[in-house]
Amino acid sequence: MMRMFKTMIFRMAAVVLPLMLAMPLFSSCGIYSFSGTSIQPDVYTVTINYFEYKALRVNPTLSNDLTESLKDQFQRLTRLEQVDIDGDLEISGEITGYDVRASAVTADEVAAQNRLTVTVKIYFTNRKYPEDDFEKSFSAYADYDSMQSLDAVESTLCEDIITTLVEDIFNATVANW
């Protein structure tokens, strides 16, 4: 009887002990999540303002596409409620560059590839923790064959560029990378 009792205790210990050791890994101080964000527990809302378009070369949909993609990213990966004004966090910005340049040149000095580069200036305000505020420029690019016109590949390039910019902005604002 005693032997069976000891065996049962060892079996329970084999299950309970690893669980107890793993508990600190799953408990948190409330500022880190599995999505990689490090948002303070007393921050509840975010305001993402429309990105103004200030680049010389015009892309009429880029501002809206970038703004909406950033809003979607915050909705998917954070617990923050999006509000129109005075969020605990506020992101605003402007598209300052939309440029095409040769990125690879052949031996005949002809462009083999072109590069579309988009630059965005971000203004981040944290009303609860003003020491986190910043103003920073982000840039992303995509290359395309010079035999193609920009009009033919522009929407695909912009999708890729927006994805990169949104990840960079998100990481800089709430992931502290």
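Only the coordinates and a few stated rules stand behind these numbers; no lab work does. Worth saying up front: this structure is predicted, and the values here are computed from it rather than measured. Cβ: placed from backbone, ideal geometry, glycine included. Neighbour counts: every protein chain shown.
Computed values, structure above
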item	result
Selection of GluC sites (Glu not before Pro), segment 77-177, meeting DSSP coil and at most 11 other Cβ within 10 Å	E109
Whether segment 31-175 is rounded, prolate or oblate, judged on the alpha carbon gyration tensor where a/c under 1.5 counts as rounded	prolate
Count of lysine pairs in segment 31-175 with Cα separation under 17 Å (8 or more residues apart, or interchain)	4
